[in-house]
Each structure stands twice: as structure tokens, then as C-alpha cells.
Amino acid sequence: MERINVTKSFLPPKEEYQSYLTRIWDSSWLTNNGPLVVELEEKLKQYLNTPYFSFLGNGTIALQIALKALDLKGEIITTPFSYCATTTSIIWENLVPVFVDINKEDLNINANLIEAAITEKTSAIMATHVYGNPCDVEKIESIAKKHNLKIIYDAAHAFGVKYQGKSLLDYGDISTCSFHSTKVFHTVEGGSIICHNPELHEKIKLLRSFGHILDNYYVAGVNGKNSEFHAAMGLCNLNHLESIIQGRKDIFRIYDSLLDWNHLEKPTEKTDNLDYNFAYYPVVFESNIITDRVIQALNKENIFPRRYFYPSLNQLTYLTNYQSCPVSEDISSRVLSLPLYPDLDHSIVEKISAIINSNI
Ligand SMILES: *Cc1c(COP(=O)(O)O)cnc(C)c1O
């Protein structure tokens, strides 16, 4: 029995990648802002319709550079329902994560609870557009303006999502993205930062290249660059993006039609004016016991959904003080992301749906 994972990395036809390899061999330029990195940045700027875009080594270094570039101090208000990198990047930069609980509907940070968490030490809000669901960007922006806070969106799930006609990566002071091989659009490993002003953009580019330009050393930077080989994968995959999203959508609609919604909740596609990327297919069960039962039943058939996201990040054992987030803690024990990728066989989607329906 073939093993079915929650996702499977997209690979372009080998010849397409090989034609870029020929160019790399011809130029002997492997990394350090080479021609393919520049070309990928240009194409992504056009695709996202945003002028200040930097290609980086991964989505985690993007979060760290974002926190550094904005000169943040003290406390960062953040979501407990995300991948651990959202929290660990804050800790890594010697900042303090302050968790604000999530909405039951879309599992994003509950914007109505943010103001109560602001103190004189708060310098920013860092929220995740979880599963590509847009945060309440209007409300978060008005709170940030009122209290003079910066906004960083961890938009690792949001590539290909449009909200109100523009890319969801175009909101906040900074949006970061991940191009890891498990994401909708990938460069094997990779990430990016989008910002909205030229000085900040220059600072980000300096920070990703050790903080120096030739013999001029300006700041203590880091190695956040990415290579020609990774850019080549991105250039290939960008040409297939539309069909990747369409293929995911087809699978998505089969789950929609087959699953028993009397005993399940679907926390995606809750927002109007949304052009969705079909990044994940999470379902929320009625109890953690049912969730465990479904996992067992699927595993028995060699099918491996993932608990995205569990544990709730406020419960990470290495945090020094426990901050309660009841909604996130409850939902993280009841949520599963189901297998979703363009060439997932439709008969397997039917099998997964039947196993779930008979166990809930
Ligand atoms: C994947 C992911 C990251 C980390 O990105 P990497 O490119 O793997 O470093 C950060 N945040 C979220 C929400 C993610 O899903």
C-alpha cells in the first residue's frame, strides 16, 4: 500500500530544471545575488504586484530579519496557532512573545483581544494568516496605528491568496513568506520579505548579506541569502503555479462534497473577497478522542494526516511563563490537516472521506 502523506512536493519536468542548470554551469555563478535570483525576484515582484521584495534562504530567517529590520524591542503580540517558527523567531531575537487567543471560525488571532494585551513594552503585532485565511487586517491596522505598533504578517501559507483584489502578502509593515518544499509554491528551501518602503528594503537586503557591501561594513547582519539552484526551482515552479492551485482546488472540492459536515467544522474560506490558494485542508473534530480515533484509522491504511497545529504554541515547554489561550489549546487538540496535493488520486480522497465519516 502506497504511503499517503499530508502533502507531496511538486516537481517540474526534469528538462525544465536542466535548462537552468546549463545556464548555471555556463556562468559558474552559484550564489550571492546571481542572475537567476535576480530574475526570480523580478518575476515575483510582478506576480505579487509589489516593488519591495527580497528572496531569502527560508521562511524562518525571513521572520528573524523582519524583527531585526524593524528594530523591535520588548514584547511582540502574536498568535498561539501557527508553526513553531512564528514563536521561536521572536525568542531567537531576544524578544518576548505575548499570546493573544484565536477566533473559533478561521483560527487566526482574535483582533478583538489584542488591545487588552498591549503594554508600554509592546512594539509589534506578529500574526499568521493561518492556512492562507486572511487575518482581520483592517482591525489590526487600526489598532497598530492607534498604539504606534509595527505589524509583521507571517504569510507562509498565503502565497497565491488575494484578499480584496491584492496579494495577501501586501499587507502589514512586513509580510514574510516561506518557499519550503511543502508549500504551495516552493524553491526547495526559501523564503521572502515584502515591505513597503525603499529604506527598509535596503536594510533587509543588507541584513541578509552579512551587513556589508564590499569593504563597507554597516551592521551585524546574517547569511539570509539563497542560491541560483533554489531560484531555478522557483522559476520552473512559477510557470506551473496556476495548475498547481487548480489541482489542489479540485481535491478540495471533493472533500467538501464527501465529508459529513454534521460532525465536522471546516475553518477555511470564511472570508468574503477572497481568492484562495487551497494550501491546506484542515478539519476540526468534535473531540480529541475522535481526532485520535480518526488518526489511528487512517494510519492503519498507510495515510498520514498532520496535526497542524499542535501543540498550541503558548504550551511550548521551553517558554518561561504559561499564558492561557483556551480556544487555541482546545482546537489544536481537535484539528487535522488532510492529504492535499494536485496529483493525489481522487479514489484516495474518497477513501479518506469514507474512513473519516465512519469514525466521527
Ligand atoms: C513553513 C512555515 C514557516 C517556516 O518556514 P521555513 O521556510 O520552513 O523556515 C514559518 N511559519 C509558518 C506559519 C509556516 O507554515
Excluding ligands, DNA and RNA, the carbon-plus-sulfur percentage of the accessible area of the chain with a 1.4 Å probe reads 50
Derived scalar couplings ³J(HN,Hα) [segment 165-173; Karplus, 6.51 cos²θ - 1.76 cosθ + 1.60; whole Hz; x for Gly, Pro]: x, 10, 4, 5, 6, 9, 9, x, 5
DSSP-defined beta bridges in the chain - what % are antiparallel, rounded to 5: 55
Accessible area of ASP272, 1.4 Å probe, to the nearest 10 Å²? 120
Amide H of SER209 versus every other amide H placed in the peptide plane: which residues, excluding those fewer than 5 positions away on the same chain, fall under 5 Å? VAL222, GLY224
Once you charge only the Cβ atoms, +1 for Lys and Arg and -1 for Asp and Glu, what is the size of the charge dipole of segment 14-238 about its Cα centre, to the nearest 20 debye? 40
With the label point 7 Å along the Cα-to-beta-carbon line of TYR47 and a cut-off under 14 Å to each amide N, the hits in segment 188-225 are 188-193
Through the Karplus equation 6.51 cos²θ - 1.76 cosθ + 1.60, θ set to phi - 60°, convert the phi angles of segment 336-342 into ³J(HN,Hα) values in whole Hz; use x for Gly and Pro. 9, 9, 8, x, 7, 7, x
Expressed in angstrom and rounded, the centroid-to-centroid distance over alpha carbons for segment 93-109 and segment 321-360 is 21
Computed over segment 14-238, Kirkwood Rh from alpha-carbon pairs, angstrom: 17.8
How much of MET1 can a 1.4 Å solvent probe reach, expressed as accessible area in Å² and rounded to 10? 150
Need one number: convex hull volume per residue for segment 9-99, Cα atoms only, in Å³. 144
Karplus-derived HN-Hα couplings along segment 236-252 (A = 6.51, B = -1.76, C = 1.60, θ = phi - 60°), whole Hz, x at Gly and Pro: 5, 5, 4, 5, 9, 4, 4, 6, 4, 5, 5, x, 5, 4, 4, 5, 3
Largest-first ranking of VAL188, VAL98 by accessible area, probe 1.4 Å, whole protein assembly kept, is VAL188, VAL98
Surface accessible to a 1.4 Å probe, VAL38 within the full protein complex, Å²: 60
For the chain, with +1 on Lys and Arg beta carbons and -1 on Asp and Glu, the positive-most of LEU298, LEU168, TRP29 along the dipole: TRP29
Long-range amide H contacts for ALA124: which residues qualify at under 5 Å (H placed 1.01 Å from N, peptide plane, sequence gap of 5 or more or a different chain)? ILE77, LYS150
List the residues whose amide H sits under 5 Å from the amide H of PHE53, counting only those 5 or more places along or on another chain, with H placed 1.01 Å from N in the peptide plane. none
For segment 234-280, what number results from the quotient of the Cα radius of gyration and 2.2 N^0.38 Å? 1.39
Largest first, please: the extent of the C-alpha atoms of segment 241-357 along each principal axis, to the nearest Å. 45, 37, 27
Can you give me the C-alpha center-to-center distance between segment 135-172 and segment 178-248, rounded to a whole angstrom? 19
So with the 1.4 Å probe, I'd like the accessible area per residue for the chain, rounded to whole Å². 45
Select from segment 86-173 those GluC sites (Glu not before Pro) which occupy a DSSP coil region and have at most 13 other Cβ atoms within 10 Å, ordered by residue number. GLU105, GLU120
Given the rule -39500 (n - 2.57) for each run of at least 4 DSSP H residues, summed and divided by the residues of the chain, what is its mean residue ellipticity at 222 nm, to the nearest 500 deg cm²/dmol? -11500 deg cm²/dmol
For the chain, modelled as a GNM with alpha-carbon contacts under 10 angstrom, which of ASP343, ASP154, ASP173 fluctuates the most? ASP343
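The values are calculated or read from the model by the stated rules, or taken from the named source; none is laboratory data. This one's a predicted model, so the numbers in the text were calculated from it and none came from an experiment. With ideal geometry, Cβ positions are generated from the backbone for all residues, glycine too; neighbour counts draw on all protein chains shown. In case anyone asks, the SASA skips ligands and DNA or RNA and just uses the protein heavy atoms, side chains included. Shrake-Rupley method; radii C 1.70, N 1.55, O 1.52, S 1.80 Å.
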